[in-house]
Amino acid sequence: MWARRPYLGDSTRSRWSRGGRLSFLGCGLGLVAVGFTLCHSFERRLLARAVSKVAIGSRIRSAGGERRHAWRWSYLGGQGRRGFVNNQRSFAAVRDTTTTKAARIIDGKMLAGRLREHIKERVTRLHEDHGVTPGLAVILVGNRVDSQTYVKFKKKAAAEVGIASYERLLSENTTEEEVKKAIQELNGDERVHAILVQLPLPRHIDTDSVLQMIPPEKDVDGFHAQNVGDLWLNTRNIYKFNVSSSLTMTRPLVLPCTAAGVIQMLHSLGVPLQGKEAVVIGRSRIVGMPVSGLLTGMDCTVTMVHSQTVEPEKHIKRADIVVAAAGQPEFVKAEWLKPGAIVIDVGINNKDDSSDPRGYKLVGDVEFEEAKKVSSFITPVPGGVGPMTVAMLLQNSLNLARNSLGLPPLPMFNDLGSPVRNEG
């Protein structure tokens, strides 16, 4: 065989065969190179997909948690320094898309406007059918500018829906007995169906003693002991009344206005709340306590956070619903919130601001600008809960007028359409 090798080398066919072998070898090496490239590319795509999945899953973690995941996956990616940088860039791109979503703002002013229109229609119908105009009386003691402003706003809102308003203006030095006497006179006035004592009262007056002078059937704020007891004893009936055609079940005549406004906002979102975890920050009789009861009646699991709560952020972090009524400016930090939480900010506080002509700006109990990047829905301050409080006051006045005629109360919470506006 070896002796014939020169012969093979001299033939034309042998020369082409050698060329064919070289070509085949070249093609084989090329296919190997292409295969290596494809495998490398496929590996990188799998890695990028894995990084993306981890990035998406990391949305429910804190910013620190996200950074830890980024470093871990970049290290596992191998590929030396080049692979590390690429993985970091891929993770950062996904993370950025999850933190720049549009904030959904619950517009309390818009929702309150719709509710006032609804109340106006009902007030007109009550007058046409029964010849009765609901009457709201306000007692103002002292010269506090903020209290005077609130009273003027309430009177204006009452007039817009056709509710008659009456005032008793008393000086700062008015005694407790004189305040009680004014309440007794209004109790006997048939034109007055609802009585409101503007708080706070001067320090020398016992607020609890004064409020208990207002009979439950004229207690528009819902602060009388009987109305408070009816709320807690019938928490489940309050919301069931709203979705049932039966008007015979027991329920309070009225609900505290701010608390009712909070629940109306949640109701208008159309989001199922049964079984959700809710945290109420603050335990006042005006907001914290009644909101806790109403949320319990909506089948939420409620935790109340207050001034003696140890590490309140631990409770807030697991909440699907946060109602902040702490009375402390920007108390709730964005990193305390569970991503996707619904945030209702009841607080209204003055915060120093040299850029504002007044020298201050109004802020809530939540860090709004940062919190709106984390929450699914959030109320602004101002323009959130405040307008709803006044609207619920008008609705309470209407229901007390109906009660005086032996008519059943209207549903406390109404289907008013979505109160949400998007904000980039």
Next item on the list: With a probe of 1.4 Å, find how much accessible area the stretch 236-358 has per residue, and write the answer as a whole number in Å².
Entry: 44
Check: So, counting K/R as plus one and D/E as minus one, what does the shell of residues with Cβ under 12 Å around ILE106 add up to?
Finding: +1
Checklist line | Distant-in-sequence amide H partners of VAL332 (H built 1.01 Å from N, under 5 Å) | finding: VAL366, GLU367
Checklist line | the stretch 251-302 versus the stretch 322-365: alpha-carbon centroid distance in Å | finding: 19
Check: From the backbone phi of the stretch 345-358, what are the Karplus-calculated ³J(HN,Hα) couplings (6.51 cos²θ - 1.76 cosθ + 1.60, θ = phi - 60°) in whole Hz, Gly and Pro given as x?
Finding: 9, 8, x, 9, 9, 8, 10, 4, 8, 5, 6, 8, x, 7
Item checked: Solvent-accessible area, 1.4 Å probe, carbon plus sulfur percent, for the stretch 107-224 -> 47
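The values are calculated or read from the model by the stated rules, or taken from the named source; none is laboratory data. Here the structure is a predicted model, which means the values were calculated and not measured. Every residue, glycine among them, receives a Cβ derived from its backbone with ideal geometry; neighbour counts consider all protein chains shown. Protein only, heavy atoms only, side chains kept; ligands, DNA and RNA dropped before computing areas. Shrake-Rupley method; radii C 1.70, N 1.55, O 1.52, S 1.80 Å.
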